[in-house]
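The values are calculated or read from the model by the stated rules, or taken from the named source; none is laboratory data. Bear in mind the structure is a predicted one, so any value in this text is a computation, not a measurement. Accessible surface is based on the protein model in full, side chains and every heavy atom, while ligands, DNA and RNA are left aside. Shrake-Rupley method; radii C 1.70, N 1.55, O 1.52, S 1.80 Å.
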Amino acid sequence: MSVNGVTSNSAASAYEYQAATKSHDKAEETKKENTNDSGVIYEQSNETAKATKYKPDAETIARLKSEVDARKSQLMELVKNMISGQGNAQNKADCIWALLRDGKLTVDAATRDQAVQDISEDGYWGVKQTSERILDFAKALTGGDPSKIDEMEKAFEKGFKMAEKIWGGKLPEISQQTFDAVRDGFQKMREEAGLE
């Protein structure tokens, strides 16, 4: 065996060892990048990939909240006008819902006309616009994720029951019609998503 043969074999072995070490070090470095302090490697699952496809529509949510806040203030002003017009200070604080529910309030013509306009078929608090806002809000919160339809519908039903409790019994007919319109809207969402 020649000296050249020994040195060339040793050089080749050293080169292979050095290349393997670099490759191993690079793999360890990549592994560390994908590992947090606890040593766990996180990989995106199919479920996570699906979930990132649906994101809440913050712009629509903010617009709807702002719109409802403005209209709520207007409604509160109408109710305040009705109550103060009644002149019954004790009932203002204690029995407002009973007065409204029982229709024992008398109001001026302008307040009545505004209320009639607001709950008309095309009014802001009418069945059509109110049910559309509820459904738009549900879609915006879920980013349109069809797997969340049942969850949103349950939340809506819970909110409706809370409103009945505050009201002190069954809500007026317009509220019942809105309830039905929202339920129909959720059903239509299911059909469009191919869930029915």
Name the long-range amide H neighbours of G143: under 5 Å, sequence gap of 5 or more, or other chain; modelled H, no Pro or chain starts. D57
Just by accessible area at a 1.4 angstrom probe, what is the order of E121, E191 from largest to smallest? E121, E191
If N is the residue count of the range 96-196, its Cα Rg over 2.2 N^0.38 Å rounds to 1.25
Run the 1.4 Å probe and let me know the accessible area of R63, rounded to the nearest 10 Å². 120
Using a 1.4 angstrom probe on the protein heavy atoms only, could you order R133, R71 from most to least accessible area? R71, R133
Once all protein chains are kept in place, I166 shows an accessible area at probe 1.4 Å, nearest 10 Å², of 110
Looking at this model, which pairs from K128/K170; K55/K148; K53/K148 are more than 18 angstrom apart at the alpha-carbon? K128/K170
How large is ³J(HN,Hα), in whole Hz, for each residue of the range 137-147 in order, when computed from phi with the Karplus curve 6.51 cos²θ - 1.76 cosθ + 1.60 and θ = phi - 60°, using x for Gly and Pro? 5, 4, 5, 5, 5, 9, x, x, 5, x, 6
Taking a probe of 1.4 Å and leaving out DNA, RNA and ligands, the range 100-162 shows per residue an accessible area in Å² of 62
